[in-house]
Amino acid sequence: MTAHSNSQRLFEEAQNYIPGGVNSPVRAFKAVGGNPLFIKSAKGAYITDQDDNAYIELINSWGPMILGHGNTHIQAAVAKAIEDSLSFGAPTAIEVEMAKMICGMVPSIEKVRMVNSGTEATMSAIRLARGFTGRDKIIKFEGCYHGHGDSFLIAAGSGAITLGQPDSPGVTQGVARDTLTAPYNNLDSVHEIVKANDGQIAAIIVEPVAGNMGCVLPAEGFLEGLRSLCDEEGIVLIFDEVMTGFRLSKAGAQGVFNVQADITTLGKIIGGGMPVGAYGGKKEIMDYVSPQGPVYQAGTLSGNPVAMAAGLSMLTQINEDETLYADLSKATEALEEGFQANLDELGLGYTMNRIGSMISLFFTEEHVVDFDTAKTSNIELFGKYFREMLNNGVYLAPSQYESLFISKSITTDAVGKIVEANRIALKAIHY
Ligand code: PLP
């Protein structure tokens, strides 16, 4: 049994000063049992805890570390930026470079505003859509997570499902009334909602590939259908690509499915590991943002030069790496094949969903296409699986309702180790 005494001690101390001992609920191991590991360092595919246990990790800081931990180019860019001070609160040259880079990579983004997190990006995007259309209501999909803005904590995924608090206290009835929800992949339902709220819908916000109820792919025609509906009804289509942006392709999910959003929200990878988010889109919409337009949105640390240095280095490397996405897909496909072989060997019929370097193994035999089918997963079994994987050196997201992320550091050797851990873990929890 691996020793976790330092993590244990830190967690006990943390709980005296930090609610639940963690600065984000998804970091707690509440859904899987046990206490969170306190992390000391990470390099490449490995993360090391305060007891010096090393694990192959498949969370990648919940997405950002697509090139693996300790990327020397990003670290050098940050070190260089720091020499010139940490923040100015005034425009900088690197913000212009960053904006040009994003607009160059994501064709639907003509102008972009930098913020400090994915949550800020989505909150700002819906305010902008409301200001632009003069309408109040938005449609989101059950099981999609768009950060912790009040408007989004309605049938939300990720930690909100994991902890069984789909509607958080503190979100007013008034705010909740303006968020209408539809099942993911169900176009008919969206049409019905739009019809019943004629002329009142400002935006439809969607994860073009959902990652917050586990990985769930858009059904054929779903994104295209949303696009046509928004065009017909003058609704702003927001693709929340905080997770998929720069992960599925240089142009995110839009680059894979060839459907363009009016506004795209970004985060995670765009900061190279620093706290960064962004929202961008059509010029005519973005020009509604203050100080050009009337929709207010601001930030003391937005476009922070150190964060921009990290993000720009990340995007530059992604932009220049012609084989990155093919390599990531290949490694993830090898993982999928290995997991499938293990399931077959053990006579288990569980479902796997994968696209590019996002993958989820659901402990259900149903096809997982939306929140309801995702919830058929056996959560207790997932908890046991999580703990067995950890005991066998693999650190997974501590929830069934998350996608795993593969980084460039997951090489053939690491894939082999993960697949073997998966075989041992599946066997241990079933036999
Ligand atoms: N949108 C999506 C799709 C996300 O996955 C997340 C976070 O996981 C967010 C928004 C919120 O981003 P942040 O945690 O940076 O506020």
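The values are calculated or read from the model by the stated rules, or taken from the named source; none is laboratory data. Source: prediction; values computed, not measured. Here Cβ is always computed from backbone atoms with ideal geometry, including for glycine, and neighbour counts include all displayed protein chains.
Residues of region 117-144 that are more than 19 Å from Glu402 (Cβ to Cβ), surrounded by fewer than 24 Cβ atoms within 10 Å (Cβ to Cβ) and within 11 Å of the ligand (Cβ to nearest atom): Met123 alone. If you go through region 12-39 and pick out every residue that is more than 17 Å from Gln400 (Cβ to Cβ) and within 16 Å of the ligand (Cβ to nearest atom), you end up with 3. The residues in region 1-30 that are over 20 Å from Ser399 (Cα atoms) and basic (Lys, Arg) can be counted, and the count is 1.
State all residues of region 391-431 that are more than 22 Å from Gly272 (Cα to Cα) and in contact with a strand residue (DSSP E or B) (Cβ under 7 Å, 6 or more places away or on another chain); if no residue qualifies, say none. Can you show your working first?
Residues of region 391-431 that are more than 22 Å from Gly272 (Cα to Cα), as a first pass: 391-394, 398-401, 412-431.
Listed by number, the residues that qualify are Gly393, Val394, Gln400, Tyr401, Ala414, Lys417, Ile418, Ala421.
Residues that are assigned to a loop (DSSP other than H, G, I, E, B) and within 16 Å of the ligand (Cβ to nearest atom): does region 217-235 have at least one? Show your work before the answer.
Here is the first cut: in region 217-235, the residues assigned to a loop (DSSP other than H, G, I, E, B) are 217-221, 234-235.
Narrowing further to those that are within 16 Å of the ligand (Cβ to nearest atom): 217-218.
Yes, there is a match, as at least one residue in region 217-235 is assigned to a loop (DSSP other than H, G, I, E, B) and within 16 Å of the ligand (Cβ to nearest atom).
For region 35-68, which residues satisfy the criterion of being of a type in the set (D, E, K, R) and buried (at least 23 other Cβ atoms within 10 Å of the Cβ)? Give the derivation first.
Our first condition is that a residue be of a type in the set (D, E, K, R); within region 35-68, this holds for 40, 43, 49, 51-52, 57.
Across region 35-68, the qualifying residue is only Glu57.
Taking Leu248 as the residue in question, decide whether it is more than 30 Å from Thr300 (Cα to Cα), within 15 Å of the ligand (Cβ to nearest atom) and touching a Gly at 6+ places or on another chain (Cβ under 7 Å). Let's see the steps before the verdict.
Values: more than 30 Å from Thr300 (Cα to Cα): yes; within 15 Å of the ligand (Cβ to nearest atom): yes; touching a Gly at 6+ places or on another chain (Cβ under 7 Å): yes.
Spelling it out, Leu248 is indeed more than 30 Å from Thr300 (Cα to Cα), within 15 Å of the ligand (Cβ to nearest atom) and touching a Gly at 6+ places or on another chain (Cβ under 7 Å).
Output the residues belonging to region 251-266 that are assigned to a helix (DSSP H, G or I) and within 16 Å of the ligand (Cβ to nearest atom).
If we filter region 251-266 for residues that are assigned to a helix (DSSP H, G or I), which is where we start, we get 252-257.
Gly252, Ala253, Gln254, Val256, Phe257, listed by residue number.
Can you pull out the residues in region 56-78 that are within 16 Å of the ligand (Cβ to nearest atom), closer than 16 Å to Ser41 by Cα and β-branched (Val, Ile, Thr)? Explain how you work it out, then say what you get.
Keep residues of region 56-78 that are within 16 Å of the ligand (Cβ to nearest atom), which gives 58-66.
When the remaining residues are screened for being closer than 16 Å to Ser41 by Cα, the result is 58-62, 64-65.
Answer for region 56-78, where residues must be within 16 Å of the ligand (Cβ to nearest atom), closer than 16 Å to Ser41 by Cα and β-branched (Val, Ile, Thr): just Ile59.
Taking the listed residues Val194, Val242, the one that is under 16 Å from Phe141 (Cβ atoms) and touching a Gly at 6+ places or on another chain (Cβ under 8 Å) is Val242, with no other qualifying. Looking at region 1-120, the helices (runs of 4 or more DSSP H) lying wholly inside it that each contain 2 or more residues that are closer than 21 Å to Ile410 by Cβ sit at 72-82.
Quick check: anything in region 201-209 more than 16 Å from the ligand (Cβ to nearest atom), outside the structural domain of Ser329 (by TED's automatic domain parsing) and assigned to a loop (DSSP other than H, G, I, E, B)? No.
Taking residues in region 179-204 that are without any contact (Cβ under 8 Å) to a residue 60 or more places away in the chain, and partners anywhere that are β-branched (Val, Ile, Thr) and part of a loop (DSSP other than H, G, I, E, B), the pairs with Cβ atoms closer than 8 Å and at least 6 places apart or on different chains are Thr179/Ile154; Thr181/Ile154; Val194/Ile235.
Restricting region 373-409 to residues that are more than 26 Å from Ala3 (Cβ to Cβ) and among the β-branched types (Val, Ile, Thr), the residue that is surrounded by the most Cβ atoms within 10 Å (Cβ to Cβ) is Ile406.
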